[in-house]
1. Among the residues of the stretch 14-40, write down those that are surrounded by 10 or more Cβ atoms within 10 Å (Cβ to Cβ) and within 27 Å of Leu63 (Cβ to Cβ).
2. How about the stretch 1-59: which of its residues are of a type in the set (Phe, Trp, Tyr) and either in contact with a Lys or Arg (Cβ under 9 Å, 6 or more places away or on another chain) or assigned to a loop (DSSP other than H, G, I, E, B) (or both)?
3. For the stretch 41-54, give me the residue count where each residue is within 17 Å of the chain's Cα centre (by Cα) and open to solvent by less than 100 Å² (accessible area, probe 1.4 Å).
Amino acid sequence: MRKEYDFSNAKRAKDVPHLSKLQAEAKGKTCIILMLDDEVLQNFRAKAEAKGLGYQTLINQTLTKSMGYRTIDEVR
């Protein structure tokens, strides 16, 4: 692999028809930047590892429960 790549002429996904279609179909999740205390993040990572989950999945489940909804895993 090269040490440096030139993306100056690259197209955005929205300008490539098949990628634009995939983005339109991918509903239900949004990428955000969220600042958490180190202790909170460490706690979620440890709990998620013990459960065999990703920590972001565990955070999402916890937030979903706090809204009074059941997670997909609980419905099954």
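1. Quick first cut of the stretch 14-40, residues surrounded by 10 or more Cβ atoms within 10 Å (Cβ to Cβ) only: 14, 16, 19-23, 36, 40.
The answer is Leu22, Gln23, Leu36, Val40.
2. First, the residues of the stretch 1-59 that are of a type in the set (Phe, Trp, Tyr): 5, 7, 44, 55.
Tyr5, Phe7, Tyr55 - these are the residues of the stretch 1-59 that are of a type in the set (Phe, Trp, Tyr) and either in contact with a Lys or Arg (Cβ under 9 Å, 6 or more places away or on another chain) or assigned to a loop (DSSP other than H, G, I, E, B) (or both).
3. Residues flagged as within 17 Å of the chain's Cα centre (by Cα) and open to solvent by less than 100 Å² (accessible area, probe 1.4 Å) within the stretch 41-54 amount to 6.
The values are calculated or read from the model by the stated rules, or taken from the named source; none is laboratory data. Predicted model, so just to flag it, every value in this text is computed and none were measured. All Cβ positions, even for glycine, are placed from backbone atoms using ideal geometry, and neighbour counts span all protein chains on display. Keep in mind that these areas ignore ligands, DNA and RNA; they rest on the heavy atoms of the full protein, side chains included. Shrake-Rupley method; radii C 1.70, N 1.55, O 1.52, S 1.80 Å.
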